[in-house]
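Inspection log for the structure reproduced underneath, given as structure tokens.
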């Protein structure tokens, strides 16, 4: 059981006289919990250097005083830094271990990373000119640049290992490697550029005690009202940064706080209703134990045809949430169902192959994609026509059911890993009739000893032509009954029926980019 470390230092706030405690003699700064004065230690006294702004209430389940353990060592959350950037906010919690060592518990793509500050390696790259997707060398290892953001400190709280930067912006660069590590470079302190290294962690693994009560219940106190039509919106998750109005389908941005001037945009099309109802929960084993996952968000996406290609494929992604495991995606494509979850590291890529967690993958698709319709809540700030460059990989050999996906925007690269899932498993988990979900696409094994290869290709092409030529009213009616008259699938079938063609296959293995901020 974790225990609070012995108090090592106490002094009076020079502004209001309230007691300010330091759990570590090595800590040099704190924020007064009464008057929010930012204080630094000056000998045996405290000196005021400014005032911290009020914290944006993001309804995080974490708070000062939370206790936990990491690899058998107890720690306490004693401080907090809250940062803002163009796509939202993120927190970094100062974790003080009982042995006196400090760490940072930070948010990452709807999950968490625990990292330790270290001396900046001599071979670390300069921050100027770094961009998402670039490969760099640092600390004798190869890293992929996952994101580069300009950030600012919104507010500070509690005990900190160094004085917080109260003014101005700075650059934060996230790096990932094939060992599953995440590193951060920053220029918060121009005299001592920052460097930290850590790994992904589940809050459940930390055996946390003292979390905020009912933090994941409906947060009616936030008073969210749709800025488009005035409908009262019910925000269910503490991590929500965007949600869709249930009345007018406007996408509302709450990443910068809830106030009178919420940003939003109206969706200019009408998508299909999700076949997995929003709010429905079901038991699934997604790379771990059987857990109950709730459907909290729904996206329709499509690929963007390249030059000379006028065919478009559509697919659906469901954002799932579990209180102990975080987020995952269920992906519904023409090729069947699969699940993926964002990963912390960056697979080793060589040409058309990738290797991650001991599994070799081969690239199957590479394309540009965009979001065409959304419903529900999302842990990232959803933007109109969100676009990404996508590369989808399939496992090889005995790992043929494994899936890997890389998505890159102008600001971020996100990798996701998962596996195929039978449609019947999805239907059973969420209490749907198996007939409500399409069957899985199973490749046909064809052995034709003595038959010329050219003849086989000719026969396959002829069968495809016959199938495409029969994409008439009956097939489109079936699609309409399955996906709805407003669905992208039905609209595409209707267009293909008029033009005499259709596209088979395509789709993504999912795992949308979060824009989840940086880490100290």
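The values are calculated or read from the model by the stated rules, or taken from the named source; none is laboratory data. From a predicted model like this one, the values you see are computed outputs, not experimental measurements. For neighbour counting, all protein chains shown are included, and Cβ atoms are generated from backbone atoms with ideal geometry for every residue, glycine included.
Kindly indicate the residue of the stretch 424-441 that is in a helix (DSSP H, G or I) and either touching a helix residue (DSSP H, G or I) at 6+ places or on another chain (Cβ under 7 Å) or at pLDDT below 95 (or both) and also surrounded by the fewest Cβ atoms within 10 Å (Cβ to Cβ) among those meeting that condition.
435
Output the strands (runs of 3 or more DSSP E) that fall wholly within the stretch 327-367 and possess 3 or more residues being under 23 Å from the mean Cα position of the chain (by Cα), without any contact (Cβ under 8 Å) to a residue 60 or more places away in the chain and closer than 26 Å to residue 305 by Cα, or say none.
Counting at least 3 such residues, we get no strands (runs of 3 or more DSSP E) at all.
Yes/no per residue for (1) surrounded by fewer than 21 Cβ atoms within 10 Å (Cβ to Cβ); (2) under 26 Å from residue 341 (Cβ atoms); (3) at pLDDT 95 or above:
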{"position": "17", "(1), (2), (3)": "yes, no, no"}
{"position": "39", "(1), (2), (3)": "no, no, no"}
{"position": "44", "(1), (2), (3)": "yes, no, no"}
{"position": "51", "(1), (2), (3)": "yes, no, no"}
{"position": "59", "(1), (2), (3)": "yes, yes, no"}
{"position": "68", "(1), (2), (3)": "no, yes, yes"}
{"position": "74", "(1), (2), (3)": "yes, no, yes"}
{"position": "99", "(1), (2), (3)": "yes, no, no"}
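Select from the stretch 132-141 the residues that are in contact (Cβ under 8 Å) with a residue 12 or more places away in the chain and touching a strand residue (DSSP E or B) at 6+ places or on another chain (Cβ under 6 Å) and list them in ascending order.
132, 133, 136
Just checking, which of 26, 53 is in contact (Cβ under 8 Å) with a residue 24 or more places away in the chain and under 13 Å from residue 156 (Cα atoms)?
53
Go through the stretch 295-326 and give me each residue that's modelled with pLDDT under 90, surrounded by 21 or more Cβ atoms within 10 Å (Cβ to Cβ) and more than 15 Å from the chain's Cα centre (by Cα).
313
Would you check which residues across the stretch 170-197 are surrounded by 20 or more Cβ atoms within 10 Å (Cβ to Cβ) and under 22 Å from residue 322 (Cβ atoms) and list them?
Selection gives 182 alone.
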